[in-house]
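Structure first, then comments.
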Amino acid sequence: MEDFEKLQFEKDKKYFLEMIRASKKIVFFGGAGISTESGIPDFRSSSGIYSKDFGSQISPEEMLSRSYFDSHTRDFYRFYRKVMLYPDAEPNRVHKKLAELEAAGKDITVVTQNIDGLHQKAGSKNVLELHGTVLKNHCTNCGHAYDLNFVSNPNNPIPHCSLCDGIVKPDVVLYEEPLDSDVVSAAVEAISTCDMLIIAGTSLVVYPAASYVRYFRGKCSAVINLTSTPNESRCDLVFHQKAGDVFDWIDVESSV
């Protein structure tokens, strides 16, 4: 790194920490790259789920669609259990630091595209899950709720409701399904009224979720992602680094 780049980097780092300290309301908008440090693969990187060969001519996107769930439920669950469930994953540096900031009194809303529940596991209370969660499931007939263990059992190829025998579906937003309107409204409200927006671990190519960052009208926005994103030109700060490395800079005690 050249001397000028070093100076600019230190300036940006200082501004990032100052904005966290000064901001009353912060929204953290995270994607799949946030959970990779916890051992959960992302989707679109060179090592992501969409780049892997699963020995099928059917794409992962199609296998994770509502029509495929309805028409090939057994195959859906076989794929879903193999690539989407990581019950032993633990929160990483980003999850923990966000939870620590919130616990210390910082007003933080986490808007996540992830479905793994790691933000809540770390202790964050104010979490909006745009794409649902693998931790909850429901009967498509009577609506009865089931936990992760119920659908993850490989000896139960197609989970059926113990009350009405209806097929049980994960509370995950599949392709061809709309996002929950209440969650979307809450996310847009949080983004449009916060002082600082931190976009991290996302390529911002999944719509409509990626479009919500356009509602930001606050003081400072930052992008933290290993690769470039379409939104960088609109942001005040850009860090092409691991989100965990950036969040290691934050001292909770001096940030509240």
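The values are calculated or read from the model by the stated rules, or taken from the named source; none is laboratory data. What you see is a predicted model; the values in this text were computed from it and never measured. Don't worry about glycine lacking a Cβ; one is built from the backbone with ideal geometry, like all the others, and counts go over all protein chains shown. With ligands, DNA and RNA removed, areas are computed over all heavy atoms of the protein, side chains included. Shrake-Rupley method; radii C 1.70, N 1.55, O 1.52, S 1.80 Å.
Key figures
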| quantity | calculated |
| --- | --- |
| Under 5 Å, built H, 5+ apart or other chain: amide partners of His144 | Cys139 |
| Placed amide H near Ile167: partners under 5 Å, 5+ positions off or other chain | Thr140, Asn141, Cys161 |
| Region 241-246 - phi-based ³J(HN,Hα) in whole Hz, Karplus 6.51/-1.76/1.60, Gly and Pro as x | 9, 5, 4, x, 5, 5 |
| Given charges at Cβ of Lys, Arg, Asp, Glu: the chain dipole, positive-most of Ala145, Gly218, Ser38 | Gly218 |
| Three-way shape call for the chain based on the alpha-carbon gyration tensor, with the a/c threshold at 1.5 | prolate |
| Sequence-distant residues sharing a close amide H with Val111 (under 5 Å, placed H) | Phe28, Phe29, Gly30, Leu128 |
| Fully extended contour minus Cα-Cα distance, from Asn153 to Asp70, at 0.36 nm per residue | 27.9 nm |
| Sum of side-chain charges, Asn126 neighbourhood, beta-carbon under 10 Å (Lys, Arg +1; Asp, Glu -1) | -1 |
| Gained length - Lys82 relative to Tyr175, 0.36 nm times residue gap less alpha-carbon distance | 31.7 nm |
| Magnitude of the charge dipole, the chain, Cβ model with Lys/Arg +1 and Asp/Glu -1, debye to 20 | 180 debye |
| Under 10 Å, Cβ to Cβ, from Ser65 - net charge with Lys/Arg +1 and Asp/Glu -1 | -4 |
| Residue-wise HN-Hα coupling along region 210-219, computed from phi with Karplus coefficients 6.51, -1.76, 1.60 (Hz; x: Gly, Pro) | 5, 6, 5, 5, 5, 7, 5, 10, x, 7 |
| Accessible area per residue, Å², the chain with all protein chains present, probe 1.4 Å | 50 Å² |
| Relative packing of 139-147, 61-69, which averages over residues the other C-beta atoms within 10 Å, highest first | 61-69, 139-147 |
| Potential lengthening between Leu7 and Leu163 on full extension [0.36 nm per residue; Cα-Cα distance subtracted] | 49.8 nm |
